[in-house]
Every structure is written in C-alpha cells, then in structure tokens.
Amino acid sequence: MAYTIASNICEGIAECVPACPVACIEQGDGANSKGTIWFKIDASICIDCGVCLQVCPVTGAVLPEERPELVI
Ligand code: SF4
Ligand code: SF4
C-alpha cells in the first residue's frame, strides 16, 4: 500500500515534499483542475509513514490509501 495525493485537490504548496523521509513525492506535469501545480507520490517507494498527511494544509489532498484513480 501507499498514500495518495489527490491531484485535483492538491494546491501545490509542497509542505509534503521536504517532510517525506524517503523523498518519494515529486511534482506532476502541468496544472490540475484548480490551476495549480500538483504533486504525486511514488507508490513503489512510499513507506506509509503518514507524515505527508500530517503536514498538508489542504483538507482531503492526502489520503492514507492507494487510490491511483485520483492521480491525473
Ligand atoms: S499534498 Fe498537500 S502539502 Fe503536498 S503539495 Fe499538495 S497541497 Fe501541498
Ligand atoms: S506516507 Fe510517508 S513515505 Fe509515503 S509519501 Fe507520505 S511522507 Fe512519504
């Protein structure tokens, strides 16, 4: 399993990027439906620590489960 960032809820604030202990969050291509940059989690590296969910200021952007259908 892995955590998921819902691409179209993320606002590209990137608090999660330096917080991730395994550096598995990277910027996605282009803009999302909010018109902001967005970030995505590499599920093959994520260790399910939950830090990204704790630091993200956007409600609902980070989900504690693997939801590939929410990644654009
Ligand atoms: S998941 Fe949250 S903290 Fe990470 S880039 Fe998106 S809005 Fe910012
Ligand atoms: S759950 Fe932990 S390892 Fe996975 S993306 Fe979030 S901060 Fe990184």
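Every read-out reported here was derived from the displayed coordinates using simple, explicitly stated rules and does not represent laboratory data. Owing to the predicted nature of the structure, the values given are computational and were not obtained by experimental measurement. Here Cβ is always computed from backbone atoms with ideal geometry, including for glycine, and neighbour counts include all displayed protein chains.
Would you confirm whether or not segment 39-52 contains a residue that is acidic (Asp, Glu) and either in contact (Cβ under 8 Å) with a residue 60 or more places away in the chain or in contact with a Phe, Trp or Tyr (Cβ under 7 Å, 6 or more places away or on another chain) (or both)? Yes; the residues of segment 39-52 include at least one that is acidic (Asp, Glu) and either in contact (Cβ under 8 Å) with a residue 60 or more places away in the chain or in contact with a Phe, Trp or Tyr (Cβ under 7 Å, 6 or more places away or on another chain) (or both).
Quick check, is Cys10 surrounded by fewer than 16 Cβ atoms within 10 Å (Cβ to Cβ) and either touching a Phe, Trp or Tyr at 6+ places or on another chain (Cβ under 9 Å) or of a type in the set (Ser, Thr, Tyr) (or both)? No; evaluated as a whole, the condition is false for this residue.
Tell me which residues, restricted to segment 38-66, are near ligand 1 (Cβ under 8 Å from one of its atoms) and surrounded by 12 or more Cβ atoms within 10 Å (Cβ to Cβ).
Trp38, Phe39, Cys52, Val55, Cys56, Val58, Ala61, Val62
Scanning segment 25-44 for residues that are in a loop (DSSP other than H, G, I, E, B) and closer than 15 Å to Pro68 by Cβ yields a total of 5.
All conditions but one from (1) outside any loop (DSSP other than H, G, I, E, B); (2) more than 8 Å from ligand 2 (Cβ to nearest atom); (3) under 14 Å from Thr4 (Cβ atoms) apply to Cys52; the one that does not is (2). Residues that are part of a loop (DSSP other than H, G, I, E, B) and either on the phi > 0 side of the Ramachandran plot or more than 8 Å from ligand 1 (Cβ to nearest atom) (or both) within segment 7-20 comprise Ser7, Asn8, Gly12, Ala14, Cys20, listed in sequence order. Cβ-Cβ distances below 7 Å connect the following pairs, each with a first residue in segment 10-21 that is within 13 Å of Leu53 (Cα to Cα) and in contact (Cβ under 8 Å) with a residue 24 or more places away in the chain, a second residue that is part of a helix (DSSP H, G or I) and near ligand 1 (Cβ under 8 Å from one of its atoms), and a separation of six or more residues or different chains: Glu15/Val55; Cys16/Cys52; Cys16/Val55; Ala19/Cys52; Ala19/Val55; Cys20/Cys52.
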